[in-house]
Structures are given as C-alpha cells and as structure tokens.
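Q: Just passing along the structure, written as structure tokens.
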Amino acid sequence: MNLHEYQGKEVLSSFGVTIQRGIVAQTPDEAVAAAKKLTEETGTGWHVIKAQVHAGGRGKGGGVKLAKNLDEVKSIANDIIGMNLITPQTSAEGKKVHQVLVAEDVYYPGDSEPEEYYISVLLNRATGKNMVMYSTEGGMDIETVAEETPHLIFHEEIDPATGLLPFQARKIAFNLGLSGQAFKGMTRFVTALVKAYESSDSSMFEINPVLKTSDDKIIAVDAKVSIDDNALFRHKDYLAMRDLREENPVEVEAQAMGLNYVDLDGNVGCMVNGAGLAMATMDLIKQAGGEPANFLDVGGTADAERVEAAFKLILKDPAVKAILVNIFGGIVRCDRVAQGIVDAYKNMGTINVPIIVRLQGTNADIAKELIDNSGLDVQSAIEFQEAADKVQAVLA
Ligand code: GDP
Ligand code: MN
C-alpha cells in the first residue's frame, strides 16, 4: 500500500528520521493557516506547496511550487488543489489533486550550498536481504542515473541477523562525500531510516531528495513509502491512511470481493484460479496473438457468485474483445464451476464478447458437456492449446 508524501513523512518522523516539516491542507484557506502555523514553529517565511498524489515527478508537472508570502501560499494552493496533475509517472490524463502539503522552505541560503542526495531502502530479491541504495545524484530521476551513470549508485546490504551496523552508516555518509556535522547527521539519518523501514514493515522507502541544508542539517524533503500489504493487519494506523481515491476503482471493487485483480492494457480478459495458472494463462494469450486485459485470480472457491462478480469486473473494461476462463478443478469440481459460469451468464443477460472456457481436473468432461449443451455462446476447451487456438480464432 502506497502512502502520500505527508503520511510517509509522519511514519519516518515517528521513528526519529528528520524531515522537512509540513501540514496537509484541503483548501487554500487551510493552506494559509498551515503556513502561519509553520512560521510560528520554525520561523520560516517561505513555504513550498506540494500536490499530494500517488505519483512522483510532481515538480516537473507543476505540482511543487515555492511561495514567498501568504498571498502566494493562497494563490498557489488555489491553483494546485483541484488541478489534474500530469507527471512522467501518471497516465496521460493525469491525477486529480485533492490536497496539498504546505512545507517549510528548506533550501534557504547559508554558509554552503544545499546538496541533494538519493536514498532508498528496499529488498534485494537476488540475495533476499534488505539494502540501502544511495547516490550523490539526488533530485534526479534515479532510472536516468542508473542508465547514464550507474557508477554513481551505491548499495549497502543489511544482514538480517545484525541490522545495519554503525560502520555501514558511516560508509554511506563517506561515499556521499560528507564531513563534519553533515557526516554525523547522515549516519543518524540512515540508521533511523533503516529502523523505520524494518519497524513499519515497509516494502520500499524512496527518499529523493535527502537534503543537506546550507547549515549542514540532513532531512527528508520527499518520501515515497510503501507498506507491505501482508503486514497491514498489524498496522491498523497505517491501514487507516489508505486513500482509495488514488487507487484503480475496479481493483478496489475486486479487493472488496476477495478477488485478486490487476488492470492491464490488453484486449483479452482472463479469469483464472491460482496465481501461477493466471501467469501461464497470460502467456498463452500472448502466444495466441492477444494481450491480457487483466490479471484475475478468483481463488479456490469459484462458485456462481464469484464467477459472476468476476465477469462483471472484466466486462467493465471496454477494451475487452474476448474472455478466457481457465480453471483447474482440484479442490473445486469443474462441473460446479461450469454451472457457475452458465448461471452467471444467464443472470447477466447478454454478454457481447465471445467466451472461451477451459476447465481441467475433476469432472472436466461433465463440465464440458454442461457448457456445450447450455445453448449459450460459450466455447469449451479441455487442452491448453485448444483454448489458445480458440482465442486466436475469435481475435482474427
Ligand atoms: P517530486 O517532484 O514528486 O519528486 O517532489 P519532491 O518532493 O522531490 O520535490 C521536487 C523538487 O522541489 C525538489 O527536488 C526540490 O528541488 C524542490 N523543493 C522541494 N522542497 C523545497 C523547498 O523547501 N524549497 C525549495 N526552494 N525547493 C524545494
Ligand atoms: Mn522527489
């Protein structure tokens, strides 16, 4: 589950990570009140107004702006709230902005220039260990850095038995070219960041940029925080931070019904039981010349109700030109599923896309008969290849 920047910063701060301070606002008036409060607390006269949406690159899209007085706070907040923010990480339509973070300006002039760094904490799947990934090239798109100057990205692996060791935190600060107060600040920052990552059961932290202020403080200016969904049951406070407006509505609906659904760009809807079979089915669709319109795992209990719910979800996507149902009857019997499909079809009235059903496993032959004799516009298949050929034929 992804958090907004302001929520991510709350999580970081609760574990002692130093952050750029800010207050979230839903209206321009709230933004002005927030700015006044920040001035009282921090003494800052300038503020940054930052769109809160689940997408990066907001600065490039005009979603992060500096306000030098309260009038500017109000007019900038007024511009950003309600805007459709388009960034390199959103779709072409962009994302609607419902709220802004009013934050203290931390790029103030001083003895030295502010410096931006990149720090993330994430799982290295190759080694099965968490790692700190960091770079002197902060504030930039890290994918670009990885492509053009990969030698400027460093990794520090964390041994799960010991956690991040003090020498590792010092090594990171050293490799970032820091010294003096900033060096000490960075070792504290990284240590707290890793602690926050582990304690919050996160699957990713990306802090870009981490800033060295002109008076050598180290702070998180941005925060991309993803909490591991599987751990949310023990973090009710984080679960309460979920913002459904930021998520795909069809996926939210599917989740409420206990279906694993991921929206994709293709033209063949698929309904499958089991994640592995779902992946194999998506490959099959590609081989047949189609593109999967979704990933959908209906799980072990493919009864009529679930099958109908799944059909409805798939049919919400106007790009769907055919539906492939691929179910293995292990625990659930194929004839039960077939009956579920027939019932669902009848309940829904007309379905205007061809449906190919492959049922394999217990009572597959009875299931095939049920479908073939139903009088409905549904084609049955038992073998994988047979199903693929039928998909290919309807797409042609
Ligand atoms: P992103 O574009 O979505 O990654 O949003 P960030 O939070 O990273 O902000 C984008 C950019 O805004 C940063 O890289 C900074 O250059 C700028 N920025 C953020 N906070 C401040 C601030 O306090 N003062 C000034 N002058 N610029 C800021
Ligand atoms: Mn950023």
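The values are calculated or read from the model by the stated rules, or taken from the named source; none is laboratory data. Small disclaimer: the values here were computed from a predicted structure and weren't measured. Backbone-built Cβ (ideal geometry, glycine too); neighbour counts: all protein chains shown.
Yes/no matrix, rows are residues, columns are (1) of a type outside the set (A, V, I, L, M, F, W, C); (2) modelled with pLDDT under 95:
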{"site": "44", "(1), (2)": "yes, yes"}
{"site": "49", "(1), (2)": "no, no"}
{"site": "60", "(1), (2)": "yes, yes"}
{"site": "69", "(1), (2)": "yes, no"}
{"site": "76", "(1), (2)": "no, no"}
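Q: Residue 101 passes all but one of (1) more than 22 Å from the chain's Cα centre (by Cα); (2) crowded, with 19+ Cβ neighbours inside 10 Å; (3) within 12 Å of ligand 1 (Cβ to nearest atom); which number fails?
A: (1)
Q: Could you please find all residues in the range 1-19 being of a type outside the set (Gly, Ala, Ser) and within 16 Å of ligand 2 (Cβ to nearest atom)?
A: 2, 3, 4, 5, 6, 7, 9, 12, 17, 19
A quick yes/no check of all residues on (1) among the aliphatic types (A, V, I, L, M); (2) surrounded by 16 or more Cβ atoms within 10 Å (Cβ to Cβ); (3) under 30 Å from residue 318 (Cβ atoms); (4) in the same structural domain as residue 322 (by TED's automatic domain parsing):
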{"site": "334", "(1), (2), (3), (4)": "no, yes, no, yes"}
{"site": "341", "(1), (2), (3), (4)": "yes, yes, yes, yes"}
{"site": "345", "(1), (2), (3), (4)": "no, yes, yes, yes"}
{"site": "358", "(1), (2), (3), (4)": "no, yes, yes, yes"}
{"site": "365", "(1), (2), (3), (4)": "no, no, no, yes"}
{"site": "369", "(1), (2), (3), (4)": "no, no, no, yes"}
{"site": "378", "(1), (2), (3), (4)": "yes, yes, yes, yes"}
{"site": "381", "(1), (2), (3), (4)": "yes, yes, yes, yes"}
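Yes/no matrix, rows are residues, columns are (1) within 18 Å of residue 56 (Cα to Cα); (2) at pLDDT below 95; (3) among the aromatic types (Phe, Trp, Tyr):
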| residue | (1), (2), (3) |
| --- | --- |
| 169 | no, no, no |
| 173 | no, no, no |
| 179 | no, no, no |
| 183 | no, no, yes |
| 187 | no, no, no |
| 203 | yes, no, no |
| 219 | no, no, no |
| 222 | yes, no, no |
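Q: I'd like the residue in the range 20-68 that is of a type in the set (Val, Ile, Thr) and within 16 Å of ligand 2 (Cβ to nearest atom) and, out of all such residues, is nearest to the chain's Cα centre (by Cα). I'd like the intermediate steps shown before the answer.
A: Step one: list which residues in the range 20-68 are of a type in the set (Val, Ile, Thr), which gives 23-24, 27, 32, 39, 42, 44, 48-49, 53, 64.
Narrowing the set further to residues that are within 16 Å of ligand 2 (Cβ to nearest atom) leaves 48-49, 53, 64.
Values: 48: 25, 49: 23, 53: 11, 64: 21 Å.
That would be 53.
Q: Identify the residue in the range 124-141 that is more than 16 Å from ligand 2 (Cβ to nearest atom) and not charged (D, E, K, R) and, among all such residues, is nearest to residue 208 (Cα to Cα).
A: Per the stated criteria, the residue is 132.
Q: Restricting to the range 208-231, name every residue that is within 16 Å of residue 54 (Cβ to Cβ) and either within 16 Å of ligand 2 (Cβ to nearest atom) or over 15 Å from the mean Cα position of the chain (by Cα) (or both).
A: Within the range 208-231, 208, 222, 223, 224, 225, 226 meet the criteria.
Q: In addition: Output the residues belonging to the range 242-287 that are among the polar types (S, T, N, Q) and in a loop (DSSP other than H, G, I, E, B).
A: Restricting attention to the range 242-287, the residues satisfying the condition of being among the polar types (S, T, N, Q) are 248, 255, 260, 267, 273, 281, 287.
Residues satisfying the conditions are 248, 267, 273.
Q: Now for a separate question. Any chance the range 110-122 includes a residue that's within 12 Å of ligand 1 (Cβ to nearest atom) and assigned to a loop (DSSP other than H, G, I, E, B)?
A: yes
Q: Taking the range 288-324, which residues are under 27 Å from the mean Cα position of the chain (by Cα), assigned to a strand (DSSP E or B) and closer than 12 Å to residue 351 by Cβ?
A: Result: 323, single match.
For (1) crowded, with 18+ Cβ neighbours inside 10 Å; (2) closer than 17 Å to residue 220 by Cα, each residue gets a yes or a no:
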| site | (1), (2) |
| --- | --- |
| 3 | yes, yes |
| 8 | yes, yes |
| 30 | no, no |
| 35 | yes, no |
| 56 | yes, yes |
| 77 | yes, no |
| 81 | yes, no |
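Q: Related question: Could you please give the count of residues in the range 194-237 that are in contact with a helix residue (DSSP H, G or I) (Cβ under 8 Å, 6 or more places away or on another chain), among the polar types (S, T, N, Q) and either under 27 Å from residue 105 (Cβ atoms) or assigned to a helix (DSSP H, G or I) (or both)?
A: The total comes to 1.
Q: Would you check which residues across the range 97-123 are within 13 Å of ligand 2 (Cβ to nearest atom) and of a type in the set (Phe, Trp, Tyr) and list them?
A: Passing the criteria: 117, 118.
Q: Okay, next question. Name the residue, out of 162, 191, 187, 144, that is polar (S, T, N, Q), within 16 Å of ligand 2 (Cβ to nearest atom) and not in a strand (DSSP E or B).
A: Numbers: 162 fails: within 16 Å of ligand 2 (Cβ to nearest atom); 191 fails: within 16 Å of ligand 2 (Cβ to nearest atom); 187 fails: within 16 Å of ligand 2 (Cβ to nearest atom).
Every option except 144 fails the conditions.
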